[in-house]
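J.: Got a structure for you, questions after.
The values are calculated or read from the model by the stated rules, or taken from the named source; none is laboratory data. Note that the structure is predicted; figures quoted are calculated from it, not measured. In this analysis, Cβ positions are derived from the backbone assuming ideal geometry, glycine residues included, and neighbour counts consider all displayed protein chains.
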Amino acid sequence: MGLFTAINIASSGMSAQRTRTDVIADNIANASTTRTTEGGPFRRSRVVMRPRVEGPFWRSPFLPQSLDNGVGQGVRIVEIQRDFRTELRLVYDPSHPDAIQSGPRAGYVEMPNVDIVSEMVDMISAARAYEANAAVVEGSTNMFQRALEIGSR
């Protein structure tokens, strides 16, 4: 493991959490958007992350092989998915320009599938994860500075 491995791993987490925060902010900003350029109401987005791996032969020398699942290299964003599984909310507002004009749902407006409470919980989670990664960077930096101080004595 190199000198800056911990910082690189934590910085990948910080970058991923920043992207996650941006996506959540976009979801909140569009919580009332009933018409998009693709047509229809806004659909909630979510960030899909996976561990970053560099190869099958990375292994920690400090753990028995039976307990080691590989040295971590951080996280990467695989994709940003639109949520088409969650149902859209229906709000009765016949005066709305996007209200359904005919059929059993006449007068209803399809609203985005964004739940503000869930988005705020996700935002807090992303902020805490970002802070935890920042603490790792700070701790690693302090450890390296102490090592340099010891070496210069």
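J.: Give just the number: which of (1) surrounded by fewer than 11 Cβ atoms within 10 Å (Cβ to Cβ); (2) assigned to a helix (DSSP H, G or I) does residue 85 not satisfy?
T.: Of everything listed in (1) surrounded by fewer than 11 Cβ atoms within 10 Å (Cβ to Cβ); (2) assigned to a helix (DSSP H, G or I), residue 85 misses just condition (2).
J.: Name the pairs: first residue in region 33-58 and within 20 Å of residue 23 (Cβ to Cβ) and of a type in the set (Gly, Ala, Ser), second residue surrounded by 12 or more Cβ atoms within 10 Å (Cβ to Cβ) and at pLDDT below 90, Cβ to Cβ under 6 Å, at least 6 apart or on different chains?
T.: Once the first residue is within 20 Å of residue 23 (Cβ to Cβ) and of a type in the set (Gly, Ala, Ser) and sits in region 33-58, no partner that is surrounded by 12 or more Cβ atoms within 10 Å (Cβ to Cβ) and at pLDDT below 90 comes close enough.
J.: Step by step: first the residues of region 99-119, then only those that are in contact (Cβ under 8 Å) with a residue 24 or more places away in the chain and not in a loop (DSSP other than H, G, I, E, B), then the one that is surrounded by the fewest Cβ atoms within 10 Å (Cβ to Cβ). Which residue is that?
T.: Filtering first and then ranking leaves 116.
J.: Still on this structure, please answer the following. Taking region 73-119 as the search range and keeping residues that are touching a helix residue (DSSP H, G or I) at 6+ places or on another chain (Cβ under 8 Å) and over 12 Å from residue 34 (Cα atoms), which one is modelled with the lowest pLDDT?
T.: 73
J.: Scan region 137-153 for residues that are more than 28 Å from residue 26 (Cα to Cα) and not small (Gly, Ala, Ser) and jot them down.
T.: Selection gives 138, 141, 142, 143, 144, 145, 146, 148, 149, 150, 153.
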